[in-house]
Amino acid sequence: MRSYQLTRWGHDLEAREVPTPAPKGAEVLVRITACGLCHSDLHLRQGYFDWGGGRRVTLEERGMRLPLTLGHEIVGAVAALGADAAGVRVGDARVVFPWIGCGACDLCQRDELLCRKPRHLGARTDGGYAEYVLVPHARYLFDYGRVPMALACTYACSGLTAYHALKKVGSLRGDDCLVLIGAGGVGLSGLLIAPSVTPARVIVADKDPKKRQVALESGAHAVIDNTLPGAIQRIQELTAGGAAAAIDFVGAPATTEFGLGALRRGGTHVIVGLYGSSIDLPLPMLPHRLLDVRGANVGTLTEMQELMALVRAGRVPPMPVTTRPMAQVNAALADLEAGKVVGRCVLTP
Ligand SMILES: [Zn+2]
Ligand SMILES: [Zn+2]
């Protein structure tokens, strides 16, 4: 089968012919019909995260090996079943939960997302920029109802990540404000899913006027350019004394400082974005202002079940999706890197 693989860190993906996997045991082979392009693909291609101060952590240190087929927002049709696979039939259309654990470690028994040796599709094992993907078990496959296929795939990462982060802010009230920083694919998902998770008013911060406009049209209570001088003052005014929570979908020093500055006492800041580097954090600020700083990354299988139930019930408004042929994956990654993508770009075979 044709697959687009990362063969050298920092380079374009390479179109390669590889053997089509044959499902064994409980495995299910899925013929891919669409795969969303994610900002984390840029980090995976680069091969390291910037920890600031010249420090880097490489993906090789974290267990990623090349060559690897990237792509983790996968939708497709069941093509073949291993002898012990059950719960789906050939031809069933499904979105794939890619955040799969080893199933054997102590942390997997508590929560698969905490796994010490993850088998994440498109990040540790071969993913969706290909004709087929091998899924270890049918429990990772979800019916997406009447949602268009190119939109359905986005729930596996951008939707799920946003849902998980929204749950991490804890329970807010209707008179609370929640600030979402960054209105790219994941941030916009957060805005669209927020009413299903929290009654709080949502304010969106982004430097790009086009993305702010889309946010306003997608239900934001207000929008703000967080890069302007006085942005923290402005957000304090907009939130009448500070936000109860902020979710940072960028994860850069400036957005973290903005998010922490936007909070009222007792507020929660959740970092999702992996832009990188570090900040100078005055430690007494956390106890003085009773702040919580949390990290969130993708989501759990249970959260995927909850999110897909909301999606099938029509409770998640669609986000803008553009499709491109999978053969253009490198051009599409370049556009994503240049900030040219509004909503999600989804590749189709
Ligand atoms: Zn992703
Ligand atoms: Zn594990």
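The values are calculated or read from the model by the stated rules, or taken from the named source; none is laboratory data. Since the structure is predicted, the reported quantities are computational estimates derived from the model, not experimental observations. Because the Cβ atoms are built from the backbone with ideal geometry, glycine has one as well, and the counts that use them run over all protein chains shown.
At-a-glance table
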read-out	value
Which listed residue, of Thr161, Thr154, is more than 12 Å from ligand 2 (Cβ to nearest atom), in a helix (DSSP H, G or I) and farther than 27 Å from Ala15 by Cβ	Thr161
Tally of residues being more than 16 Å from ligand 2 (Cβ to nearest atom) and either β-branched (Val, Ile, Thr) or surrounded by 22 or more Cβ atoms within 10 Å (Cβ to Cβ) (or both) across the range 95-130	7
Every residue from the range 251-271 that is touching a strand residue (DSSP E or B) at 6+ places or on another chain (Cβ under 6 Å), closer than 20 Å to Ser189 by Cα and not in a helix (DSSP H, G or I)	Gly251, Thr268, His269, Val270, Ile271
Test for Ala123: is it within 15 Å of ligand 1 (Cβ to nearest atom) and either without any contact (Cβ under 8 Å) to a residue 24 or more places away in the chain or not in a strand (DSSP E or B) (or both)	yes
Conditions (1) crowded, with 23+ Cβ neighbours inside 10 Å; (2) touching a His at 6+ places or on another chain (Cβ under 7 Å): number failed by Ala215	(2)
Near pairs, Cβ below 7 angstrom, 6+ apart or cross-chain, from the range 330-349 (under 15 Å from Cys153 (Cβ atoms)) to any residue that is aromatic (Phe, Trp, Tyr) and at pLDDT 90 or above	Leu347/Tyr129
Restricting the range 291-349 to residues that are assigned to a loop (DSSP other than H, G, I, E, B) and small (Gly, Ala, Ser), the residue that is surrounded by the fewest Cβ atoms within 10 Å (Cβ to Cβ)	Ala338
Asp41, sole failed condition from (1) away from ligand 1 (no atom under 16 Å from the Cβ); (2) touching a helix residue (DSSP H, G or I) at 6+ places or on another chain (Cβ under 7 Å); (3) within 30 Å of Gly276 (Cβ to Cβ)	(1)
Filter result for the condition that a residue is of a type outside the set (A, V, I, L, M, F, W, C), assigned to a helix (DSSP H, G or I) and away from ligand 1 (no atom under 16 Å from the Cβ), over Pro287, Pro282	Pro287
In the range 71-85, residue surrounded by the fewest Cβ atoms within 10 Å (Cβ to Cβ) [restricted to those that are touching a Cys at 6+ places or on another chain (Cβ under 9 Å) and not in a strand (DSSP E or B)]	His72
First in the range 66-93 and farther than 18 Å from Leu121 by Cβ, second anywhere and of a type outside the set (A, V, I, L, M) and assigned to a loop (DSSP other than H, G, I, E, B), Cβ under 7 Å, 6 or more apart	Ala83/Gly25; Asp84/Gly25
Evaluation of Pro118 against (1) out of contact with any helix residue (DSSP H, G or I) (no Cβ under 8 Å at 6 or more places or on another chain); (2) in a strand (DSSP E or B) (one fails), failing number	(2)
Enumeration of residues in the range 184-201 that are within 16 Å of ligand 1 (Cβ to nearest atom) and within 24 Å of Gly261 (Cβ to Cβ)	Gly184, Val186, Gly187, Leu188, Gly190
In the range 31-65, the residues that are more than 16 Å from ligand 2 (Cβ to nearest atom), of a type in the set (Gly, Ala, Ser) and in contact (Cβ under 8 Å) with a residue 60 or more places away in the chain	Ala34, Gly36, Ser40, Gly52, Gly53
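Yes/no matrix, rows are residues, columns are (1) among the small types (Gly, Ala, Ser); (2) within 19 Å of Thr69 (Cα to Cα); (3) touching a Pro at 6+ places or on another chain (Cβ under 6 Å); (4) not assigned by TED's automatic domain parsing to the domain that holds Val272:
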{"position": "Glu112", "(1), (2), (3), (4)": "no, no, no, yes"}
{"position": "Arg124", "(1), (2), (3), (4)": "no, yes, yes, yes"}
{"position": "Leu134", "(1), (2), (3), (4)": "no, yes, yes, yes"}
{"position": "Tyr140", "(1), (2), (3), (4)": "no, yes, no, yes"}
{"position": "Arg146", "(1), (2), (3), (4)": "no, no, no, yes"}
{"position": "Met149", "(1), (2), (3), (4)": "no, no, no, yes"}
{"position": "Leu166", "(1), (2), (3), (4)": "no, no, no, no"}
{"position": "Leu172", "(1), (2), (3), (4)": "no, no, no, no"}
{"position": "Ile181", "(1), (2), (3), (4)": "no, no, no, no"}
